[in-house]
Amino acid sequence: MTPVNSASRSAALSVAAGGFVAVLLYAVWAVAQILWWNPLAAASGRTYPQIMADLAAAGESLNVAAAVGIMAVGPVVALGLLAAAVFGWPPDPWPIAHGILALLVLGPAAYFFASFGAGMALADTYMISGADASPLAMPLFAVSVAALLAWIAVPSWRAVARRRGPAGRAG
């Protein structure tokens, strides 16, 4: 077993902490889109309390627990990666980076499942499409595309980092 390089361990911890924040912000943005921005855009001209009253009168709801619960999975997994980094596993940042990027890549799937109930409730209440009416989901998709590109590139970055050695210089 090779000794753990403290710079590498510090990098793993930094990647895990930054990644946790990124995944948490992604989930918070998605929940705001599902439960706030999209209903206001779908039922334009109505206030949020009016929308909630219309949904209740139609026997519908935004399925808050489902939306929050599904979108909480990513941050919980990212928190697990952060905890692992705190305790020294893995000894380098690359597996953590891959894990965080994979969570961000899978974000649109989580968003779809988390928003499905709310979208259907709005569709049934207002006789509209259940699709997003607000464009504020687009940043989520852009982050996921960027994460996919980075996820693909991580092996190349790792190879370059290994060639440079622990001091960061070409050897």
- Filtered residues of the range 1-49 (kept if open to solvent by 80 Å² or more (accessible area, probe 1.4 Å), in contact with an Asp or Glu (Cβ under 9 Å, 6 or more places away or on another chain) and part of a helix (DSSP H, G or I)): 9
- Item | Residues being open to solvent by less than 20 Å² (accessible area, probe 1.4 Å), closer than 18 Å to residue 158 by Cβ and in a helix (DSSP H, G or I) - total across the range 77-98 | 3
- Which of the residues that make up the range 80-117 are within 21 Å of residue 31 (Cα to Cα), free of Cβ contacts under 8 Å to residues at least 40 places away in the same chain and among the hydrophobic types (A, V, I, L, M, F, W, C)? 106, 109, 112, 116
- Query: Is it the case that some residue within the range 112-125 is part of a loop (DSSP other than H, G, I, E, B), open to solvent by 30 Å² or more (accessible area, probe 1.4 Å) and among the hydrophobic types (A, V, I, L, M, F, W, C)?
  - Reply: no
- Query: Considering the range 58-79 alone, what residues qualify as being of a type in the set (Gly, Ala, Ser), in contact (Cβ under 8 Å) with a residue 12 or more places away in the chain and more than 17 Å from residue 115 (Cα to Cα)?
  - Reply: 58, 78
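The values are calculated or read from the model by the stated rules, or taken from the named source; none is laboratory data. Note that the structure is a prediction, hence the values are computed from the model and not measured. Note: ideal-geometry Cβ built from the backbone for every residue, glycine included; neighbour counts use all protein chains shown. What goes into the accessible areas is simple: the full protein's heavy atoms, side chains included, and nothing from ligands, DNA or RNA. Shrake-Rupley method; radii C 1.70, N 1.55, O 1.52, S 1.80 Å.
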